[in-house]
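The values are calculated or read from the model by the stated rules, or taken from the named source; none is laboratory data. Keep in mind that what you see is a predicted model, and the values were worked out from it rather than measured. No Cβ is skipped: glycine too gets one built from the backbone with ideal geometry, and neighbour counts run over all protein chains shown.
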């Protein structure tokens, strides 16, 4: 199955989906040293985002979150692509400076954790394999 | 988005790599938020300066941008993680100081004026009514939009830097008239006085209304210091970038909203009570946002010839220019002779002080929020006078 959304940042990658219905604050909500979600009560609390294709509704919280995404990308922690329902500035800027493929305007309820995805950040296409 | 030939060339990399990355950020944000074009801006305030937040990768990104990036408009800088000159006084480690200095040097290399202050409007970055700017630092964004009547979105560090390198920002959000109108009227039915009560009012409104733009009545007068405290708190608790305060905000309001909410004395007390944890205070923070000259003078005269309890620490954070004038006026000596510390260039939100203290008292509701969340202190919101008494007893 293919889903088509909007390109936020270009690049192609494949990997395993990690899906949440909760929005994510990267600053304070994700530990940049490990890539693990640490926000209390978050659906993904304790789950490692490293090398996953992270699928979530939207970003929230402090704009420092863009730098947290960058730090994780440079140290090999954290997600290798991001898929959102609605992207906002924190995640968009984080993906641009980190050069991580990112697509939004995707019906994220169609994607389940563990699915194998091919993300095409150039065309905005997500293929569920 | 439609780009001019020059902007197109910047996006293609003809003006260097940093300008190309900057264009990538601006165009992507413009497309996400439906901007049709980029518009000229008169100034920028860049946040994301503390090494405690940036860490080594963030610093490397900035150093990379500084290789060929140069700002095109007046650009000032947010507080760093330490006093850039007297960091030893604040017990900052050698290693942190070295890294923090590299961060500020990278910004300086790009032509940014390294003011290291959250109140740029007090130090030569003062936009006038209607000017388009691209600022980060949520308290300053709120002040610029609501008190000065300038126009800015809530930028993050990299998007503000991008705007500075291009000299432009995408035209969306608070740059457009139609997005600046109030949605809800607030009737303040109680007297609000002093920075801590204005901070409490910011918490009441932020918690209750979130990002809905408010039209606030019932505040007959407010000082610059009270307004900066209010802006900091309202932006922290509500994520707001703009409010209208009757008699203060210069923007014209076409229709006063019919939906009305009231703020009572009990509401204000409730907010103060929420920020009143049962704790032993060992750290007192004044100057969030950065203390003005009037505040430093007031604190100096209150503290003069007294002694701070040696088991407690009190920091008065401010901007370098303010401290320099306070030095000349003798205020700094009056304060520091008591054992209190005047810390320039930094603030207690971004300094690496987690674990050093236990109970925090401050006149700033914003400081209480970050003291509690980021640094895990127990917090008490109190007036400036009460904070000083707490430091002495």
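Each row is one residue, and each column tells you yes or no for (1) surrounded by fewer than 24 Cβ atoms within 10 Å (Cβ to Cβ); (2) within 14 Å of another protein chain (Cβ to nearest Cβ).
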| position | (1), (2) |
| --- | --- |
| B:132 | yes, no |
| B:140 | no, yes |
| B:150 | no, no |
| B:159 | no, yes |
| B:177 | yes, no |
| B:184 | yes, no |
| B:190 | yes, no |
| B:195 | no, no |
For the stretch B:59-75, indicate whether the set of residues that are surrounded by fewer than 22 Cβ atoms within 10 Å (Cβ to Cβ), closer than 27 Å to residue B:143 by Cα and within 14 Å of chain A (Cβ to nearest Cβ) is non-empty. no
Regarding residue B:178, is this residue assigned to a helix (DSSP H, G or I) and free of Cβ contacts under 8 Å to residues at least 24 places away in the same chain? yes
Filter the stretch B:197-210 for residues that are in contact (Cβ under 8 Å) with a residue 60 or more places away in the chain and buried (at least 24 other Cβ atoms within 10 Å of the Cβ); which is nearest to residue B:299 (Cα to Cα)? B:199
Does residue B:186 meet the test of being closer than 16 Å to residue B:260 by Cβ and part of a helix (DSSP H, G or I)? no
Scan the strands (runs of 3 or more DSSP E) fully inside the stretch A:16-129 and keep the ones with 1 or more residues being within 11 Å of another protein chain (Cβ to nearest Cβ). A:81-84, A:102-104
Is it true that residue B:50 is touching a residue at least 40 places away in the same chain (Cβ under 8 Å), more than 14 Å from every other protein chain (Cβ to nearest Cβ) and either within 29 Å of residue A:31 (Cβ to Cβ) or in contact with a helix residue (DSSP H, G or I) (Cβ under 9 Å, 6 or more places away or on another chain) (or both)? no
Which one is surrounded by the fewest Cβ atoms within 10 Å (Cβ to Cβ) among residues in the stretch B:8-33 that are over 21 Å from residue A:64 (Cα atoms) and within 12 Å of chain A (Cβ to nearest Cβ)? B:31
Could you tell me how many of the residues in the stretch B:235-262 are outside any loop (DSSP other than H, G, I, E, B) and modelled with pLDDT of 95 or more? 5
Just checking, which of B:325, B:335 is crowded, with 22+ Cβ neighbours inside 10 Å and more than 14 Å from chain A (Cβ to nearest Cβ)? B:335
Could you go through the stretch B:227-240 and let me know if any residue there is under 26 Å from residue B:22 (Cβ atoms) and either under 22 Å from the mean Cα position of the chain (by Cα) or more than 14 Å from chain A (Cβ to nearest Cβ) (or both). yes
Qualifying residue in the stretch B:339-351 (condition: touching a strand residue (DSSP E or B) at 6+ places or on another chain (Cβ under 6 Å), at pLDDT below 95 and within 25 Å of residue B:239 (Cα to Cα)): yes
Of all the residues that make up the stretch B:343-374, how many are surrounded by 21 or more Cβ atoms within 10 Å (Cβ to Cβ) and either within 26 Å of residue B:142 (Cα to Cα) or within 14 Å of chain A (Cβ to nearest Cβ) (or both)? 21
Could we say that residue B:166 is touching a residue at least 40 places away in the same chain (Cβ under 8 Å), more than 23 Å from residue B:264 (Cα to Cα), within 19 Å of the chain's Cα centre (by Cα) and surrounded by 21 or more Cβ atoms within 10 Å (Cβ to Cβ) here? no
Tell me, which residue of the stretch B:194-226 that is in a loop (DSSP other than H, G, I, E, B), modelled with pLDDT of 95 or more and within 21 Å of the chain's Cα centre (by Cα) is farthest from residue B:367 (Cα to Cα)? B:213
Condition met for residue B:127 (assigned to a loop (DSSP other than H, G, I, E, B), away from every other protein chain (no Cβ under 14 Å) and within 17 Å of the chain's Cα centre (by Cα)): yes
